[in-house]
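Here's the structure, in structure tokens; my notes come after.
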Amino acid sequence: MKLERLISITYALLNNDVISASELANKYQVSQRTIYRDIETICAAGIPVVSHQGVNGGYGIIKEYKMEKSLLNANDIESLITLLHSTATVFKDERATETIHRLQTIQRDKMPSLTIDLGSWRANNAILHNLRAAIKDSQVIRFEYLNAKNERANRIVEPVSLLFKYYTWYLHGYCRARKDYRVFKLTRMIDLVTLTETYQRIHPVILQDFSMNYQKQEIVGAVLRISGRSSAHALDCFYAEDNYFNEDGTLTVTIINPIEVDWLIETILSFGEDVEVLEPLTLRQLLQNKIEKMLNRYL
């Protein structure tokens, strides 16, 4: 659309000292004559575009018009860009992208010290997009949900917000079956449907603290010995623990932070024959029982 192109051209002018008409024409897949008309429209709107002549000529905006740098300090700008970029990578949000471009006019020559690409995380982006649209339009959703006890139930929910926590995405919304706000793990939502019904938020929104759901049996002080060929994988899994390379190339991992036992056993099994639990004896016994149950399936 012309309006979107005009806004985008304005940000491009803010983000560059000089940009040629041919560059703009290639970027927006229009003729240079169209770009000339767009520049005239932008000028008529009160934005002071100036023309630079010569081989490296083009269009720009006078420096006095650009956003004053003293409004935000460098850390503020970098934090905003990082946050907006992480959102844009997931939802392909054009408005967020345009805001990033505008913020970059203040801090053009500095590379960000932190980049978060949530779009690279394992997630069903189609579900994320559908849920965000439902939240924006206040539409009721229906889905089948599998809880932690492996129980399946149909849910009708008034969605409120999306959360990224504990390395995964969650939906926070009002569950009509429970008559209260609940948090649902997106990976356990089955056959999501956005209904035509809309809702008005009449229930006070309370963001549930669902960290209590993860208070399971934990362990501290376990010691693992991992072969050298799996040391990189070990550092990925146990980067926050006490890791020590032995002279024979093996890696000794000492668990110094509380780790949920079920997760630890599943992770140890992922190393196959390249790991040995040195202590405690209780963890060795739990692992032995798990392996025996697995073996019995193939006997």
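Structural remarks
- Exactly one residue out of LEU283, LEU299, LEU192 is part of a loop (DSSP other than H, G, I, E, B) and either modelled with pLDDT under 95 or aliphatic (A, V, I, L, M) (or both): that is LEU299.
- The set of residues from region 253-264 being crowded, with 16+ Cβ neighbours inside 10 Å and within 26 Å of the chain's Cα centre (by Cα) comprises ILE259, LEU264.
- Cβ separations smaller than 9 Å between residues 6+ apart or across chains give the following pairs from region 191-203 residues that are assigned by TED's automatic domain parsing to the domain that holds LEU131 and touching a residue at least 60 places away in the same chain (Cβ under 8 Å) to residues that are surrounded by 13 or more Cβ atoms within 10 Å (Cβ to Cβ) and of a type in the set (Ser, Thr, Tyr): THR198/SER138; TYR199/SER138; TYR199/TYR174; GLN200/SER138; ARG201/SER138; ARG201/TYR174.
- Only residues that are assigned to a loop (DSSP other than H, G, I, E, B) and either more than 22 Å from TYR199 (Cβ to Cβ) or touching a strand residue (DSSP E or B) at 6+ places or on another chain (Cβ under 9 Å) (or both) were counted in region 133-187, giving 12.
- Condition check for GLU98: touching a helix residue (DSSP H, G or I) at 6+ places or on another chain (Cβ under 7 Å), assigned to a helix (DSSP H, G or I), modelled with pLDDT of 60 or more and among the charged types (D, E, K, R): yes
- Checked against the criteria, GLU241 does not count as surrounded by fewer than 14 Cβ atoms within 10 Å (Cβ to Cβ) and either touching a Cys at 6+ places or on another chain (Cβ under 6 Å) or of a type outside the set (A, V, I, L, M) (or both).
- Put simply, of THR267, THR250 the only residue that is touching a helix residue (DSSP H, G or I) at 6+ places or on another chain (Cβ under 7 Å), under 20 Å from ASN289 (Cβ atoms), at pLDDT 90 or above and surrounded by 12 or more Cβ atoms within 10 Å (Cβ to Cβ) is THR267.
- Residue in region 197-204 that is over 23 Å from PHE143 (Cβ atoms), modelled with pLDDT under 95 and loosely packed, with under 11 Cβ neighbours inside 10 Å present: yes
- Scope region 32-61; condition among the small types (Gly, Ala, Ser) and outside any loop (DSSP other than H, G, I, E, B); matching residues: ALA44, SER51, GLY58, GLY60
The values are calculated or read from the model by the stated rules, or taken from the named source; none is laboratory data. The shown structure was predicted, so the numbers you read here are calculated from the model rather than taken from an experiment. Cβ atoms come from the backbone with ideal geometry, glycine included; neighbour counts cover every protein chain shown.
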